[in-house]
1. If I ask for residues that are loosely packed, with under 14 Cβ neighbours inside 10 Å and among the small types (Gly, Ala, Ser), which ones from region 28-74 would you list?
2. Looking at (1) surrounded by 10 or more Cβ atoms within 10 Å (Cβ to Cβ); (2) modelled with pLDDT of 90 or more, which one does Phe108 not meet, given that it meets all the others?
Amino acid sequence: MYTNPMHQQGPQGHHGHQGPHMLYQAEPNWQHMMKHKRDALMHALHPHMGRKIRVTTIDGHTHEGVLINADGHHVYLNTDPHHGHQQGHQRPIYTPAQYNQILTLVLFELLVILLLA
(Lines give C-alpha, C1' and ligand atoms only; values in the text may rest on other atoms or scores of the structure.)
Protein backbone atom coordinates (compact mmCIF):
# COMPACT_ATOMS: atom_id res chain seq x y z
CA MET A 1 0.00 0.00 0.00
CA TYR A 2 1.28 3.45 -0.87
CA THR A 3 0.79 6.22 1.62
CA ASN A 4 1.76 9.83 1.13
CA PRO A 5 4.16 10.75 3.94
CA MET A 6 3.06 14.41 3.67
CA HIS A 7 -0.55 13.50 4.50
CA GLN A 8 -1.15 12.38 8.06
CA GLN A 9 -4.29 10.30 8.43
CA GLY A 10 -6.01 10.07 11.75
CA PRO A 11 -7.49 6.89 13.26
CA GLN A 12 -10.87 7.53 11.61
CA GLY A 13 -9.59 7.23 8.02
CA HIS A 14 -10.52 9.70 5.30
CA HIS A 15 -13.08 12.43 5.95
CA GLY A 16 -14.34 11.01 9.24
CA HIS A 17 -15.25 7.52 7.93
CA GLN A 18 -14.43 4.47 10.01
CA GLY A 19 -11.97 2.27 8.09
CA PRO A 20 -11.46 2.05 4.33
CA HIS A 21 -14.30 2.86 1.95
CA MET A 22 -14.41 1.04 -1.41
CA LEU A 23 -14.55 3.53 -4.29
CA TYR A 24 -14.07 1.09 -7.15
CA GLN A 25 -13.39 -2.60 -7.63
CA ALA A 26 -12.72 -4.19 -11.00
CA GLU A 27 -14.66 -7.23 -12.14
CA PRO A 28 -12.98 -10.51 -11.13
CA ASN A 29 -11.75 -11.43 -14.63
CA TRP A 30 -10.57 -7.90 -15.45
CA GLN A 31 -6.94 -8.41 -14.40
CA HIS A 32 -6.53 -11.55 -16.54
CA MET A 33 -8.24 -9.89 -19.51
CA MET A 34 -6.12 -6.72 -19.28
CA LYS A 35 -2.86 -8.67 -19.03
CA HIS A 36 -3.90 -10.68 -22.08
CA LYS A 37 -4.70 -7.48 -24.04
CA ARG A 38 -1.42 -5.87 -22.96
CA ASP A 39 0.56 -8.92 -24.13
CA ALA A 40 -1.31 -8.93 -27.46
CA LEU A 41 -0.62 -5.21 -28.01
CA MET A 42 3.06 -5.59 -27.17
CA HIS A 43 3.34 -8.58 -29.53
CA ALA A 44 1.69 -6.55 -32.30
CA LEU A 45 3.79 -3.40 -31.76
CA HIS A 46 7.34 -4.61 -31.14
CA PRO A 47 8.05 -5.89 -34.70
CA HIS A 48 7.20 -2.39 -36.00
CA MET A 49 9.57 -0.27 -33.90
CA GLY A 50 11.01 2.51 -36.04
CA ARG A 51 8.05 2.56 -38.42
CA LYS A 52 5.44 5.26 -38.85
CA ILE A 53 2.04 4.61 -37.27
CA ARG A 54 -1.24 6.42 -36.68
CA VAL A 55 -3.08 5.86 -33.43
CA THR A 56 -6.59 6.84 -32.42
CA THR A 57 -7.45 7.09 -28.73
CA ILE A 58 -10.72 6.13 -27.08
CA ASP A 59 -11.48 9.86 -26.89
CA GLY A 60 -11.17 10.24 -30.67
CA HIS A 61 -7.76 11.97 -30.79
CA THR A 62 -5.50 10.91 -33.67
CA HIS A 63 -1.69 11.06 -33.61
CA GLU A 64 0.96 10.11 -36.17
CA GLY A 65 4.61 9.43 -35.59
CA VAL A 66 7.41 6.92 -35.61
CA LEU A 67 6.98 4.18 -33.02
CA ILE A 68 10.10 4.36 -30.86
CA ASN A 69 9.07 2.33 -27.81
CA ALA A 70 6.23 0.49 -26.08
CA ASP A 71 6.75 -0.59 -22.50
CA GLY A 72 3.53 -2.32 -21.50
CA HIS A 73 1.99 0.87 -20.12
CA HIS A 74 2.80 3.52 -22.72
CA VAL A 75 3.48 3.92 -26.42
CA TYR A 76 6.10 6.48 -27.43
CA LEU A 77 5.86 8.27 -30.80
CA ASN A 78 8.51 10.50 -32.33
CA THR A 79 6.37 13.21 -33.89
CA ASP A 80 7.34 15.46 -36.78
CA PRO A 81 6.44 19.14 -36.28
CA HIS A 82 6.66 19.69 -40.07
CA HIS A 83 4.22 16.89 -40.98
CA GLY A 84 1.72 18.08 -43.56
CA HIS A 85 3.81 20.94 -44.98
CA GLN A 86 4.27 20.62 -48.73
CA GLN A 87 7.64 21.10 -50.35
CA GLY A 88 8.15 24.61 -51.70
CA HIS A 89 5.71 26.21 -49.24
CA GLN A 90 7.11 28.41 -46.55
CA ARG A 91 7.22 26.66 -43.20
CA PRO A 92 7.02 28.39 -39.83
CA ILE A 93 10.29 28.86 -37.97
CA TYR A 94 10.90 26.12 -35.39
CA THR A 95 13.44 26.07 -32.62
CA PRO A 96 15.73 23.02 -32.22
CA ALA A 97 13.75 22.00 -29.13
CA GLN A 98 10.72 21.37 -31.35
CA TYR A 99 12.46 18.68 -33.38
CA ASN A 100 12.22 15.03 -32.34
CA GLN A 101 9.35 15.56 -29.94
CA ILE A 102 8.31 12.40 -28.10
CA LEU A 103 4.60 11.91 -27.52
CA THR A 104 3.70 9.50 -24.73
CA LEU A 105 0.31 7.78 -25.01
CA VAL A 106 -1.31 5.46 -22.48
CA LEU A 107 -1.40 1.97 -23.99
CA PHE A 108 -4.91 1.10 -22.80
CA GLU A 109 -6.40 4.31 -24.21
CA LEU A 110 -5.50 3.35 -27.78
CA LEU A 111 -8.45 2.20 -29.83
CA VAL A 112 -6.89 1.85 -33.29
CA ILE A 113 -3.24 1.50 -34.35
CA LEU A 114 -2.47 1.70 -38.08
CA LEU A 115 0.88 0.96 -39.72
CA LEU A 116 1.55 3.74 -42.26
CA ALA A 117 5.02 2.94 -43.60
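1. Listed by number, the residues that qualify are Ala40, Ala44, Gly50, Gly60, Gly72.
2. Condition not satisfied by Phe108: (2).
The values are calculated or read from the model by the stated rules, or taken from the named source; none is laboratory data. Please read all numbers here as calculations on a predicted model, not as lab measurements. As a convention, Cβ positions derive from the backbone with ideal geometry for all residues, glycine included, and neighbour counts pool all protein chains shown.
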